[in-house]
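Beneath this line is the structure, given in structure tokens, with notes to follow.
The values are calculated or read from the model by the stated rules, or taken from the named source; none is laboratory data. What you see is a predicted model, and the numbers here were worked out from it, not measured in a lab. Ideal geometry is used to build each Cβ from the backbone, glycine not excepted, and the neighbour counts take in all protein chains shown. Ligands, DNA and RNA are excluded from the accessible area calculation, which covers all protein heavy atoms including side chains. Shrake-Rupley method; radii C 1.70, N 1.55, O 1.52, S 1.80 Å.
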Amino acid sequence: MQIVKRVWKPFGVLALTATLLAGCGSSATPGNTNQTGGGQARVQLTGAGSTFDYPYFSKAFAEYKNAHPNVEVNYQSIGSGGGIEQFTKKLVDFGATDVPLNKDEYAKAKASGGDVVEIPVALGGVALAYNLPDVTQQLKMTPDVVAKIFLGKIKNWNDPAIQSLNPDVQLPNLPITTVHRSDGSGTNYIVTDYLSTVSPEWKSSIGKGKSVQWPGGLGAKGNEGVAGQIKQTTGAFGYVELAYALETKMSYVALQNKAGKYVAPTLESVTAAASQFPNVSADNFSIVNAPGDGSYPIAGYSWVLLWKDQQDANKAKTLLDVMKYVVTDGQKLATTIQYAPLPQNVQEMAVGLLKQIQAGGQPVMQ
């Protein structure tokens, strides 16, 4: 058994010990149930995946444990691609990804463990962050400028295309160093989905996906890694989930949206974007480039993966109770760490999906 620990201190919440059961062969079983000294059953659940979700999960799982001391949720923040892989291999009780399974991923998972239920658990914005120590004003950018920066066609910070949008800012004669995710990432998908929507050149030459062939720049693992790389590289430009940008006090762009307004990522602007797509589902999940004056263009939901048919009815009951908390009452915590709470109709949809999960042919939740 390999124990992997990730402790990311800036969030000031209970750090999670991430336990990954690996290298144990076919006998490996995710999570476990033991008896505590007081006679109460102790339940340990394991999950892995999205770094986008990590700050929210840290807070929500810690609060749940405060109310349920016998339940411990160990989550490994390894990126959406890693979470899908670990879930499909049945090494964890749940996976987390910022983009639902595609057709091939679903087929592979189904062959491993049966049907999968995909549940929206978090809603957030992706900030376009930069490191220009002498620039104190918030920069404005258009979709065209952002795409050309990532395509390597705008190479310097004082390029006329950027300067014309920010006439009152003295931009430095400094090369732009783009920073992107090097791992399979749902945040990658959200950003490349946006770029493919607003830039025909990006769509035809790069496309969208959890992993793409970036035209250049520096790669880093996880939202944590990208945030750290931007912070230590003068002239850097990249993308991180809003909670990471705010916690590490990064500068980020006000981006021109579909309505022509310059909008910064905030709880309100992400909520406004989500409101334009009331019928979101695992088959219809993109909310990038939303219409509306107040909508922030790079936003998305994150999803938890659960097996529809659970093997252990008692542990399944605890797992679903945790997830029900995450998608309902736990959403009250979201705004405290810069996530937009799930809209009420999405919370209700998520609970309905949880009720589809069975153990021994019987629904786990009533």
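What residue, of L139, L165, L171, is surrounded by 13 or more Cβ atoms within 10 Å (Cβ to Cβ) and in contact with a Ser or Thr (Cβ under 7 Å, 6 or more places away or on another chain)?
Exactly one of L139, L165, L171 is surrounded by 13 or more Cβ atoms within 10 Å (Cβ to Cβ) and in contact with a Ser or Thr (Cβ under 7 Å, 6 or more places away or on another chain), namely L165.
Is it true that some residue in region 307-320 is crowded, with 17+ Cβ neighbours inside 10 Å, in the same structural domain as E118 (by the TED database) and assigned to a loop (DSSP other than H, G, I, E, B)?
There is at least one residue in region 307-320 that is crowded, with 17+ Cβ neighbours inside 10 Å, in the same structural domain as E118 (by the TED database) and assigned to a loop (DSSP other than H, G, I, E, B).
When both residues are 6+ apart or on different chains and their Cβ atoms are under 7 Å apart, which pairs have a first residue that lies in region 270-284 and is under 15 Å from I190 (Cβ atoms), and a second that is polar (S, T, N, Q) and open to solvent by less than 30 Å² (accessible area, probe 1.4 Å)?
Going by the 7 Å Cβ cut-off, the qualifying pairs are A273/S295.
Could you tell me whether region 234-243 includes any residue that is touching a Phe, Trp or Tyr at 6+ places or on another chain (Cβ under 6 Å) and not hydroxyl-bearing (S, T, Y)?
Yes, region 234-243 contains a residue that is touching a Phe, Trp or Tyr at 6+ places or on another chain (Cβ under 6 Å) and not hydroxyl-bearing (S, T, Y).
Only one of G152, G113 is among the small types (G, A, S), surrounded by fewer than 22 Cβ atoms within 10 Å (Cβ to Cβ) and either at positive phi or touching an Asp or Glu at 6+ places or on another chain (Cβ under 6 Å) (or both); which?
Step by step, each of G152, G113 is checked, and only G152 is among the small types (G, A, S), surrounded by fewer than 22 Cβ atoms within 10 Å (Cβ to Cβ) and either at positive phi or touching an Asp or Glu at 6+ places or on another chain (Cβ under 6 Å) (or both).
Going by the conditions given, is Y244 aromatic (F, W, Y) and in contact with a Pro (Cβ under 8 Å, 6 or more places away or on another chain)?
Spelling it out, Y244 is indeed aromatic (F, W, Y) and in contact with a Pro (Cβ under 8 Å, 6 or more places away or on another chain).
I'm trying to understand the selection: among the residues of region 256-296, which are of a type in the set (F, W, Y) and not in a loop (DSSP other than H, G, I, E, B)?
Y262
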